[in-house]
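Peer 1: Here's a structure for you.
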Amino acid sequence: RCHTMEERANLMNMMKLSIKILIQSALSLGRTLDSDFPPLQQFFVVLEHCLKHGLKVKKTFIGQNKSFFGPLELVEKLCPEASDIATSVKNLPELKTAVGRGRAWLYLALMQKKLADYLKVLLDHKHLLSEFYEPDALMMEEEGAVIVGLLVGLNVIDANLCLKGEDLDSQVGVIDFSLYLKETQDSDGKQDGGITAVLDQKHYVEELNRHLSCTVADLQNKIDCLEKTNSKLQEELAAATDRIGSLQEEQQQLKQQNELIRERSEKSVEVTKEDTKVELDTYKQSRQGLDEMYSDVWKQLKEEKKIRLELEKELELQIGMKTEMEIAMKLLEKDTHEKQDTLVALRQQLEEVKAINLQMFHKSQNAECSLQQKTEAISSFEGKTNEMMSSMKQMEERLQQAEKAKQAAEERCNKMKQELAERLDSCRQQMAQLDSKCSTLEKELKSEKEQRQTLQKELHQEKDATTLLKTELQQMEGLKKELRKLQDEKQQLKKVREEQEQALQEMGLHLSQSKLKMEDIKEVNKALKGHTWLKDDEATHCKQCKKEFSISRRKHHCRNCGDIFCNTCSSNELALPSYPKPVRVCDNCHTLLLQQCSSNSS
């Protein structure tokens with residue numbers, strides 16, 4: 001780690017020195033820089049070392065690959081403005097390696113003055129850079145952001161780098177330390193010229209301030225968004241904790257109710273047990289009394305049977321004595337009736353005892369049913385407690401699902417970005433289809449011109465026929481019926497003629513508009529062919545105000561006529577046919593182009 005930290009610090013210091021030397025030398029020269037300029041070459045070498053620091057080695061079928069063009073290709077997906085650079089780099093036939101394509105990409109980004117913006121977009125998406133760089137690489141640490149801030153100062157420099165004819169694949173990037181030694185020696189000898197250096201670096205400081213203000217505004221917006229999301233999450237957490245607390249309180253209340261119900265059920269069970277014990281004791285005691293009475297009655301029955309036998313013997317002995325026997329029989333009958341009454345009473349008592357036994361049995365069954373119901377109520381309360389626990393688990397699962405939904409939303413955002421890139425490609429294809437449609441419309445215009453000529457011939461023929469008809473009408477004044485028929489036919493022909501004339505007028509309007517467009521295109525082509533791009537060395541004064549150029553009064557090309565003007569004479573911007581975006585134009589070209597636009601619109 002110490003070794004990588006030292007490497008990052010050394011590379012950052014080298015980058016600071018190279019940018020400082022490049023800006024000072026460019027301001028001292030006061031012209032656009034070429035690819036042969038030594039400080040510019042050293043700047044690209046140092047930048048290439050910074051981008052290569054901590055790169056991961058990717059294994060392919062051919063072998064190991066380690067190039068910095070892989071992360072630069074991500075800029076096309078993250079920033080659609082960089083698509084022009086990517087297409088132009090891919091279309092260069094001389095480039096055969098990824099290193100050459102990466103160098104060409106850096107050249108084009110510097111010429112566009114958007115190198116710092118593109119690298120800032122990469123640093124904002126470090127989760128994508130982690131696929132290409134190690135965690136302790138320069139681009140993944142704070143030094144990468146510092147280097148991007150230093151690169152903003154290069155927007156002051158105008159560079160004109162030629163990519164054709166240069167062998168970018170086989171160039172060996174070696175840092176020349178002699179330039180940095182010279183620069184330090186010159187700085188010791190030129191301490192008196194500090195004011196001029198500050199004036200030269202004014203534009204650099206302004207660009208730095210602008211870039212830093214933009215980054216501060218972006219960071220503040222991100223902080224506001226994060227604070228809002230944090231507040232929402234805190235509110236959700238507070239609501240969830242409140243819910244959990246309420247659920248816990250309900251659970252405690254249910255537990256207390258369960259305990260109360262259990263205590264009551266236990267008390268009721270004890271009371272029913274005691275009641276059943278008392279009833280059983282009473283039943284046993286009553287049964288013992290009934291058994292004793294039954295034994296007494298049984299003994300009496302045995303004695304009576306014996307007496308009856310004795311009486312029957314006496315009856316057999318005393319058959320002759322009927323009268324006495326009849327009286328005895330009556331007496332016996334009375335006795336038997338009384339005994340039968342006693343037997344009926346005893347039977348009724350037995351039935352009552354049986355009914356009491358049945359009542360006691362039903363009471364015991366009811367007590368068992370109530371016990372079962374209470375046990376079922378206890379089980380239902382336990383089921384409710386289990387349901388409350390399951391609802392708690394469901395709430396935790398919902399929280400996890402919300403986090404998963406958040407991750408899915410982020411993935412959808414990335415997919416939407418990819419879909420936008422695909423839509424841009426489809427728009428380009430539609431532009432090509434529109435060009436093909438324009439060619440087909442031109443062919444149709446030619447065919448319509450031929451039809452117009454044939455219609456004109458037919459009109460002349462119809463005019464001749466009408467003159468002949470007029471002469472015949474003058475000669476045939478008596479044939480009124482035929483004249484009426486001919487007049488009806490003439491009216492129909494007039495309607496057809498008016499419709500054809502309207503169609504011809506509309507075709508004439510379309511032709512005039514297409515001719516105007518063709519003339520505009522021809523004028524633009526003539527203007528582009530007639531004007532030549534004036535070189536920086538050939539111009540020493542502004543073409544309009546005739547003021548001499550200096551460090552404070554810099555040179556600017558007009559993208560329409562190609563001449564060189566100062567900033568005040570070329571502060572206007574317009575969209576030209578050869579440039580898709582508004583570019584710098586001088587005052588004269590600005591007025592001419594506005595007049596052409598107004599005439600075309602009228």
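Peer 1: Looking only at the stretch 580-602, count how many residues are in a helix (DSSP H, G or I) and not small (Gly, Ala, Ser).
Peer 2: 12
Peer 1: Could you identify the single residue in 538, 499 that is under 60 Å from the mean Cα position of the chain (by Cα), over 30 Å from residue 577 (Cα atoms) and modelled with pLDDT of 80 or more?
Peer 2: That would be 499, the only listed residue that is under 60 Å from the mean Cα position of the chain (by Cα), over 30 Å from residue 577 (Cα atoms) and modelled with pLDDT of 80 or more.
Peer 1: Also, I was wondering about something else. Kindly provide the set of residues from the stretch 563-577 that are part of a loop (DSSP other than H, G, I, E, B) and either surrounded by 16 or more Cβ atoms within 10 Å (Cβ to Cβ) or assigned by the TED database to the domain that holds residue 157 (or both), ordered by number.
Peer 2: 563, 566, 576
Peer 1: Does any residue of the stretch 388-399 turn out to be farther than 22 Å from residue 254 by Cβ, of a type in the set (Gly, Ala, Ser) and within 31 Å of the chain's Cα centre (by Cα)?
Peer 2: No, the stretch 388-399 contains no residue that is farther than 22 Å from residue 254 by Cβ, of a type in the set (Gly, Ala, Ser) and within 31 Å of the chain's Cα centre (by Cα).
Peer 1: Moving on to the next point. Pick out the one residue from 349, 300, 365 that is open to solvent by 100 Å² or more (accessible area, probe 1.4 Å) and in a helix (DSSP H, G or I).
Peer 2: Only one candidate qualifies: 300.
The values are calculated or read from the model by the stated rules, or taken from the named source; none is laboratory data. Since this is a predicted model, take the numbers as computed values, not measurements. Using ideal geometry, Cβ is built from the backbone for each residue, glycine included, and neighbour counts are taken over all protein chains shown. Only protein heavy atoms, including side chains, enter the accessible area calculation; ligands, DNA and RNA are left aside. Shrake-Rupley method; radii C 1.70, N 1.55, O 1.52, S 1.80 Å.
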